[in-house]
Amino acid sequence: MRGKHVVLIEDELNIAEAIRFILTRAGAAVTHLATGTDSTAVLLREKPDVLVLDVMLPDRSGLEILSEIRAIPELATLAVLMLTARGQSRDREAAERAGANAFLAKPFANSDLLAQVRTLAEGGT
Amino acid sequence: MPFNILVAVSLTYVAVLFGVAFVAERRAIGGRAGWLRLPLVYTLSLSIYCTAWTFYGAVGYAARSGLEFLTIYLGPTLVFVGWWWVLRKLVRIGRAQRVTSIADLISSRYGKSNFLGVVVTVIAVLAATPYIALQLQSVTLSFGVFASDTPEGWAVPDQGATALWVAAGLALFTILFGTRNLDANERHHGIVMAIAVEAVVKLIALLAVGLFVVWGVAGGVADILARIDASPIADWELKPGRWAGLTFVSAAAILTLPRMFQVMVVENADERHVATASWAFPLYLMLMSLFVVPIAVVGLSIMPEGSNPDLFVLTIPLSQGAGKLALLAFLGGFSSATSMVIVAAIALSTMVSNHIVTPLWLALRVGSARAPGDVRGLVLMSRRLSIAAVLALGYTYYHLSGGSAALASIGLISFVGVAQVLPAMMGGIYWRGATHVGAAMGLITGFAIWLYCLFLPSFGPNGLLSARLIAEGPFGIDWLRPHALFGITGLDPLLHALLWSMLLNTGAFLIGSLSSFPGPMERLQGVAFVNIFDQSSGPGSWTRSAAEAEDLLSMSQRILGAEEAQRFFQAQATAQGKAGLLPDPTPDFIARLERQLAGSVGAATSHAMIAQLSGGTTVSVQDLIAVAGEAQQIKEYSAQLEAKSEELARTARALREANEKLTELSVQKDGFLSQISHELRTPMTSIRAFSEILMESDLPEDMRAKYAGIIHDETRRLTRLLDDLLDLSVLENRKVQLNIGVANLHDILNKAIVAASNTRPERMFVVQRDASTEHMPVFTDTDRLLQVFINVISNARKYCDAERAVLRIEVKKRGGQAQIDFIDNGSGIPKKVQALIFEKFARLTDTSHAGGAGLGLAICREIMANLGGSIEYLPGQGGAAFRVRLPLKLSA
């Protein structure tokens, strides 16, 4: 994962810190956003390899952000891993429809998170 | 002529009459009454107006007072020729309302007032008494004439006994004639026929005597005219007052005499007969009066001085040796007397029985079982007794008055008496404003004056009133003298009584009517009477024909439905042995149809509809009221149905709403579970992730401590969330156990502020209070109240976005409630989410900073509801503001 760039959008600061620790330890560079407000601008600027996106955000839903991203040509192929704390199959389907490449229910095993992000990061290069 | 032969002739004559009546009755029952219904029979039956008074008395009247006797014929003639439309109206009303007597007419018009029925009955009975006495007197006199063969006619050995026997005989005769059966419509075909025969007999007898006098005794028409010119009759001066008064009273009497009402209205078979009678009856009267003056003149000239002119009709033939003619004349007089007595007694007995005896009997027998047969027997018996009583009264009057007065003067007393009914009657049929109060006042006033001024004095000085009272007035009160009321002197007693009674009667009637309001029944009857011609087509327009059956069918189809009506008609036609759909409209079939329809529309409506179509009777107001009653019931029933279906609709609506609510709740529950899932999974995610990190990595000590701290915090968060959820669940189900104690509100607020200051984040936070307002004891669950205060204060502390956060706490006492407002100086809560803040998980900002799961205010709301108070957002205060209200004393 060395040289890989991951953008993380997660409002729960403790969870964000855990994910950053896990991915950073594996060699990736992590940019964290606590809200989805100016996510597209950041993504266009950073051009990450993988986006880890929480579904439940305080200001706007992760699904909304994903739809928006997919509408932008430069970001249409960005690999996206969606995280949800609700963990219902409904959410998985909704995430897939919105164009997520992978889906992970909270709470997750750290190894699963790392494996998913790694797959997406390497598939993307 | 032997007295016994006379009696035998009389009895034979009566037997013949009885036979006539019997045959007529039979034919009427057999439905072959065709010739009984001739207008001629009706006209002849009206001739009971001409009683013994006319037959004997008119000659006597002419001998005493000249042409004045004509007034007695003039009145009725004017009514029949000029006012026949009044008669027609009476007849129409009588038929439409099934009136049985004049008392019934008045009672029915004034809202079925039985009181008025009784008043009219009493007036009629008392007024008829002199009249019946007159008949007794004339028959007794005529017997006497034959028995003694003396021109004076006074020499009957025992006049009183003869009169008694005559009275008893007439009573028996009338009972046999009039009450053999109880006719539903009070019609007596047999009697009408018998009196028609009698009318012919008396006319022939009087004409025969007249012809005999003109051409047998005198020398023809020229001679008679010469004799008239020479006689004292030609010298009688005409008194305009008496002429007008007598014409008026006889005109009134033809309308109000009970027996005239009986034959004219009650026995009327066809309204069109009135038209015939309007010329035929005056003609009859003219024939009856044609020879009165000649007989009187001849009598005065050939009979000895002092002979009774009332008996000239008998005594002239006798004195000339024309025994057979005298016998015919006797039969004529007998006919006149008997027909009057029979019909009068029947009419009066109907009134007495219907208005006095039956109501009394029913009132006395309230509660006891009574079979229909009982009433029938009672009515017959009461009528028979009434007939006997009426004749007994007549005899008593005859006995008390001495039987010596001129026939005409006795008759006029009766006329004035019955005329008292006139204002109430005419007012009743022409003035809708006439009320029963007015009618009663008029009737009683007129009756009292008649009684006092005419009836009681008629027994002669020292009869029923003392001579002194008549001369000086009661207690010497001059203006109350019976013959000079209110100081009016110089009038003869009859005119005096007529003037005052009719004047005051009419006045009282008008005043009473104008100053009272008619009841609803009275108003309806008033309209029915006054507007009788607007309501229905004339009777007799319907004849029994195939068309009628067809109309009945078309009506029935509308009520029963085509199929059922046709099935019913078909079955009835088959039962009658007829092919096709239409049965003959026999009474039997019509009765069955009426019952059939009654099942659908009610008895009264059914009866009214059938009556309308079969044309036998018109629909009366009672029928319509009954119809309205049924319609009302149906309306009420359908209103009930409507209410029921409305109720059903309401229930359906409620069910639909409940269903929607359940669906909504289900959605909410799903949302809630998903929220809970999220709220639980979020801290668990941190805990799991950091636990794994701690387990697998060799971390520096400071990071280990930091991550362990996060795990610790998240675990507490999780616990708090679970506590809140359980708490909320208990509160929402109102199963919470409240520990009610007492505390000072000020102290609770202190504790809350201290507790809230310990929560994160640390910041400057000023609380403004007015302690003096806060001291009040509250009886409530103080721990729960504290929980609410802590929540509200820490919310302000957390979310107030002012740089220098200030929370103002204001306490007020409102009635039995404390009102605590928490107002901060932040930017407040946006209007669109104000309604949401008390909902579960309604977090407006990022929870991880706030450290709550968004259940705080929901819990607060539930706690306040449990404490009998409330918490609500208070808009328009600048910052965020919450108002808590609670009862100072919570009733456990």
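Bear in mind that the values in this text are calculations on the coordinates, not laboratory data. Note that the structure is a prediction, hence the values are computed from the model and not measured. Cβ coordinates were reconstructed from backbone atoms using ideal geometry, including for glycine residues, and neighbour counts include every protein chain displayed.
Summary of computed values
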| read-out | value |
| --- | --- |
| Distant-in-sequence amide H partners of B:GLN817 (H built 1.01 Å from N, under 5 Å) | B:LEU888 |
| Sequence-distant residues sharing a close amide H with B:LEU807 (under 5 Å, placed H) | B:VAL766, B:VAL767, B:GLN768 |
| In order through region B:713-728: 3J(HN,Hα) via Karplus (6.51 cos²θ - 1.76 cosθ + 1.60), integer Hz, x for Gly, Pro | 4, 5, 5, 4, 4, 4, 4, 4, 4, 5, 4, 4, 4, 5, 4, 4 |
| Among the listed pairs A:LYS106/B:LYS840; B:LYS661/B:LYS840; B:LYS661/B:LYS831; B:LYS202/B:LYS324; B:LYS706/B:LYS798; B:LYS813/B:LYS889, those beyond 19 Å (Cα-Cα) | A:LYS106/B:LYS840; B:LYS661/B:LYS831; B:LYS706/B:LYS798 |
| Spatially proximal aspartates and glutamates relative to B:LYS812 (Cα-Cα < 18 Å; intrachain offsets below 8 disregarded) | B:ASP747, B:ASP770, B:GLU774, B:ASP821, B:ASP824, B:GLU872 |
| Two-site label geometry, B:ASP747 and B:TRP215: point separation in nm, points 7 Å out along Cα→Cβ | 14.0 |
| Shielding score for B:687-696, defined as the mean number of other chain Cβ atoms within 10 Å | 5 |
| Average beta-carbon neighbours from other chains, 10 Å sphere, peptide A:101-107 | 4 |
| Relative contact order (%) - region B:637-727, alpha-carbon pairs under 8 angstrom, separation at least six | 29 |
| Label-point gap, in nm, between B:ALA639 and A:SER67 - each point 7 angstrom along Cα→Cβ | 5.8 |
| ³J(HN,Hα) computed for each position of region B:730-747 - Karplus, 6.51 cos²θ - 1.76 cosθ + 1.60, integer Hz, glycine/proline x | 5, 5, 5, 7, 6, 9, 5, 8, 8, 9, 7, x, 10, 8, 7, 4, 4, 5 |
| Neighbour net charge for B:ALA171 - beta-carbon separation under 13 angstrom, K R +1, D E -1 | +2 |
| Label-reachable residues, region B:698-717, where backbone N falls under 16 Å from a point 7 Å from A:THR24's Cα toward its Cβ | B:698-708, B:710 |
| Karplus 3J(HN,Hα) series, Hz, for region B:411-417 with 6.51 cos²θ - 1.76 cosθ + 1.60 (x for Gly, Pro) | x, 5, 4, 4, 4, 4, x |
| Under 5 Å, built H, 5+ apart or other chain: amide partners of B:ASP801 | B:GLY826, B:SER827, B:GLY828 |
| Rounded if a/c under 1.5, otherwise prolate or oblate - region B:196-273, Cα gyration tensor axes | oblate |
| Prolate/oblate/rounded call for region B:22-116, Cα gyration tensor, a/c under 1.5 rounded | oblate |
| For region B:736-887, share of DSSP beta bridges that run antiparallel, in % to the nearest 5 | 85 |
| Relative packing of peptides B:737-748, B:639-650 - highest average C-beta neighbours within 10 Å first | B:737-748, B:639-650 |
| Region A:5-124, relative contact order in percent, only Cα pairs under 8 angstrom and at least six apart counted | 24 |
